[in-house]
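Engineer: A single structure is presented below for examination.
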Amino acid sequence: NLAKQGRFIPGTGHPILSPEDAVARGIMTAVVLNPNYVSEVAALLRRLGSGASVRDLTRELRCG
């Protein structure tokens, strides 16, 4: 979400980055808070040359 980029996740303080910024910083794991976007984010990162894994935080929380 363009409106959220440059801000931080409440409670954790993790930055919300654009895909381009994530690749430039060498991010190895991207956390997605909406499971509907996992495939889209993963595909975009791959197109940008990133090997980052994309994790669905909602699934992680449900599975423990």
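Engineer: Which condition number does Ala43 fail, the rest of (1) open to solvent by less than 50 Å² (accessible area, probe 1.4 Å); (2) modelled with pLDDT under 95; (3) on the phi < 0 side of the Ramachandran plot being met?
Structural biologist: (2)
Engineer: Would you check which residues across the stretch 3-35 are in a loop (DSSP other than H, G, I, E, B), farther than 15 Å from Val54 by Cβ and open to solvent by 100 Å² or more (accessible area, probe 1.4 Å) and list them?
Structural biologist: Hits for the stretch 3-35 are Lys4, Arg7, Pro10.
Engineer: Does Val38 satisfy the condition of being in a strand (DSSP E or B), among the aliphatic types (A, V, I, L, M) and surrounded by 10 or more Cβ atoms within 10 Å (Cβ to Cβ)?
Structural biologist: Taking the combined requirement at face value, the residue does not satisfy it.
Engineer: Residue check, Arg59 against (1) more than 18 Å from Asn1 (Cα to Cα); (2) open to solvent by 50 Å² or more (accessible area, probe 1.4 Å); (3) not in a helix (DSSP H, G or I), all met but one. Which one?
Structural biologist: It fails just one condition, (3).
The values are calculated or read from the model by the stated rules, or taken from the named source; none is laboratory data. What you are looking at is a predicted structure, and each value in this text was computed from that prediction instead of being measured. Counting neighbours? That spans all protein chains shown, and the Cβs are built from the backbone with ideal geometry, glycine included. Quick note on the areas: whole protein, heavy atoms, side chains included, nothing else; ligands and nucleic acids left out. Shrake-Rupley method; radii C 1.70, N 1.55, O 1.52, S 1.80 Å.
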